[in-house]
Amino acid sequence: MSLLVVGLSHRSAPVSVLERASLAADTRAKLLQDTLAAEPAVEATVLATCNRIELYADVDKFHAGVAELSTLLAQHSGVGLEELTPYLYVHYEDRAVHHLFSVACGLDSMVVGEGQILGQIKDALALGQELHTAGRLLNDLFQQALRVGKRAHSETGIDRAGQSLVTFGLEQLAAGADVTDWARGKRALVIGAGSMSSLAAATLARTGVAEIAVANRTRARADRLVEILRQPGGTGVTARAVEMAEVSGELTRADIVVSCTGATGLVLTAEAVAGALGLAVEDADEAPAVVPAPAAAPVPDDVDRHAAWVENGSSGTVRRAVRRATVPAQGTGPARLALLDLAMPRDIDGAAARLDGVRLVDIESLAEASADAPMAADVDQVRTIVSDEVAAFGAAQRAAHITPTVVALRTMAAGVVAGEIARLDGRLPDLDEKQRAEITQTVRRVVDKLLHAPTVRVKQLASEPGGAGYADALRELFDLDPQTVAAVSRADLNDPNRGRS
């Protein structure tokens with residue numbers, strides 16, 4: 001296993017950089033195709049969410065892999081390599097497995113313990129499978145990550161430590177008040193109809209808002225979300241779908257707006273918000289820019305030094321300590337309109353926060369607020385689960401590495417038995433079927449017993465750290481045909497039922 005992950009997240013980069021580096025769906029597909037076309041990578045997939053972009057690959061060379069993956073991320077994100085490199089982190093082999101398992105459990109999320117990341121990991125695996133860029137290693141890895149995440153949520157109280165970004169965002173908008181009391185009877189506008197927007201709509205309905213309007217670029221998706229909200233036995237919320245062209249008019253009626261679209265530009269400008277509230281446009285000041293922080297760790301001048309620094313004993317992660325900008329100053333007076341922007345890049349103009357009567361919470365302010373959120377005692381238990389699962393996954397992968405060699409050995413032994421039985425038939429043609437079957441069975445039992453202990457033991461040894469050499473030793477000792485071993489590996493890799501999510 002030569003697993004490599006290169007990426008950046010809310011822990012390593014300012015939101016402004018993450019925003020610019022975000023990858024659209026078609027860009028992710030092109031990134032994976034180009035990664036596979038690059039020499040060091042034999043399989044790849046990308047995990048892209050609102051607060052992380054990570055490229056996973058099975059590579060045959062570490063330094064070349066880091067350089068190539070970093071370059072590809074820069075090219076497809078549109079952020080220059082020189083600018084992007086200080087914010088990148090690198091994990092390799094077991095550390096890469098540990099990182100993904102931690103991500104799956106919500107330990108690396110902006111809101112610790114949130115479960116939405118599991119759906120995003122499943123989407124990343126599905127994309128790699130659809131494009132045929134995820135092979136045996138990444139299929140096994142991501143499937144196991146999903147199981148580890150589910151185990152963490154079922155066996156521990158990590159859910160008590162975490163919540164969805166939607167819930168956390170609404171708590172920030174409520175400014176200390178009970179969310180249900182704060183939201184009850186309000187009118188809400190949800191812009192977008194994807195998974196995050198659907199979660200937002202469902203959460204708002206549960207909190208007791210009186211009405212939800214859903215706007216989406218594709219009207220059919222908005223209609224489907226509204227139909228779900230109206231289902232019998234639900235919350236009883238009044239829900240309706242509107243066209244995106246009607247958003248400006250809906251703003252004049254709304255008390256709460258949640259936006260999460262895949263748009264590359266602003267969906268709500270400060271002018272539109274000001275107009276909905278009857279304010280003069282000049283009341284909106286420009287939002288302050290995010291000030292980049294100085295590096296708190298050695299930041300190499302180029303990618304090769306970056307890779308070497310990681311390999312030579314770092315924690316596996318290159319981090320720049322990010323001093324995030326404080327939440328933009330909010331307008332004066334009581335909040336007449338609460339805005340929650342969960343999109344990356346952002347949907348709502350940050351300058352809207354300075355309008356009188358407007359309160360804006362976005363990914364950046366959520367990151368600031370979550371930095372001081374208390375962590376549950378269950379986090380330690382989840383970390384133990386992650387460590388145990390990483391060890392088990394590594395052992396399983398090392399054992400799987402020797403399996404084709406063991407299969408090839410047993411295939412060779414079966415061929416020897418078949419050849420000797422055929423030779424016996426030529427020398428003793430008068431044997432009846434019963435005699436021949438008994439001799440054949442006896443020879444097979446002898447061979448099986450001779451091979452049993454060595455093959456069981458070599459699998460045990462191969463599963464231990466440093467056990468990769470046992471497969472080579474077995475091939476050398478028994479003079480196994482490398483092509484036979486490779487054929488077994490290909491047959492396993494091409495199994496249509498392997499690793500499907």
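This table checks each residue for (1) among the small types (Gly, Ala, Ser); (2) in contact with a helix residue (DSSP H, G or I) (Cβ under 9 Å, 6 or more places away or on another chain).
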residue	(1), (2)
Val166	no, yes
Gly176	yes, no
Ser197	yes, yes
Ala210	yes, no
Val214	no, yes
- Among Ala400, Ala418, which is the only one that is open to solvent by 40 Å² or more (accessible area, probe 1.4 Å), within 19 Å of Leu137 (Cα to Cα) and either among the small types (Gly, Ala, Ser) or not in a loop (DSSP other than H, G, I, E, B) (or both)? Ala400
- Note on the structure: If you go through His63, His98, the only one that is closer than 18 Å to Leu137 by Cα and touching a residue at least 60 places away in the same chain (Cβ under 8 Å) is His98
- Going through the range 152-192 one residue at a time, which ones are farther than 15 Å from Arg206 by Cβ and either open to solvent by 70 Å² or more (accessible area, probe 1.4 Å) or without any contact (Cβ under 8 Å) to a residue 12 or more places away in the chain (or both)? Ser154, Glu155, Asp159, Arg160, Ala175, Gly176, Ala177, Arg187
- Message: Of the residues Val386, Val379, Val390, Val406, only one is open to solvent by less than 60 Å² (accessible area, probe 1.4 Å), over 22 Å from the mean Cα position of the chain (by Cα) and modelled with pLDDT of 75 or more; which?
- Response: Val406
- Query: Among Ala38, Ala24, Ala48, which is the only one that is more than 30 Å from Gly469 (Cβ to Cβ), surrounded by fewer than 21 Cβ atoms within 10 Å (Cβ to Cβ), at pLDDT below 95 and not basic (Lys, Arg)?
  - Reply: Ala24
- Note on the structure: Counting only residues that are open to solvent by less than 40 Å² (accessible area, probe 1.4 Å), in a loop (DSSP other than H, G, I, E, B) and either modelled with pLDDT under 90 or under 19 Å from Thr252 (Cβ atoms) (or both), the range 327-375 contains a total of 9
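For (1) open to solvent by 80 Å² or more (accessible area, probe 1.4 Å); (2) at pLDDT below 75, each residue gets a yes or a no:
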residue	(1), (2)
Arg445	yes, no
Thr455	no, no
Lys459	yes, yes
Gly469	no, yes
Val488	no, yes
Leu493	yes, yes
- What about Ala29, is it assigned to a loop (DSSP other than H, G, I, E, B), of a type in the set (A, V, I, L, M, F, W, C) and either at pLDDT 90 or above or closer than 11 Å to Tyr87 by Cβ (or both)? no
- Of all residues making up the range 106-119, the number that are surrounded by fewer than 19 Cβ atoms within 10 Å (Cβ to Cβ) and either under 12 Å from Thr45 (Cβ atoms) or without any contact (Cβ under 8 Å) to a residue 40 or more places away in the chain (or both): 0
- Message: Given the criteria crowded, with 19+ Cβ neighbours inside 10 Å, more than 25 Å from Ala399 (Cβ to Cβ) and among the hydroxyl-bearing types (Ser, Thr, Tyr), does Ser70 qualify?
- Response: yes
- Note on the structure: With the first residue restricted to the range 427-456 and required to be under 30 Å from Ala399 (Cβ atoms), and the second required to be open to solvent by 80 Å² or more (accessible area, probe 1.4 Å) and in a helix (DSSP H, G or I), Cβ contacts under 9 Å at 6 or more apart or on different chains are Val443/Glu420; Val447/Arg410; Val447/Val416; Asp448/Arg410; Leu451/Arg410; Thr455/Arg410
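The values are calculated or read from the model by the stated rules, or taken from the named source; none is laboratory data. On a predicted model such as this, the values are computed, not experimentally measured, just so you know. When we count neighbours, we look across all protein chains shown, and the Cβ atoms used for this are built from the backbone with ideal geometry, even at glycine. Heads up: the accessible areas ignore ligands, DNA and RNA and are worked out on the full protein's heavy atoms, side chains in. Shrake-Rupley method; radii C 1.70, N 1.55, O 1.52, S 1.80 Å.
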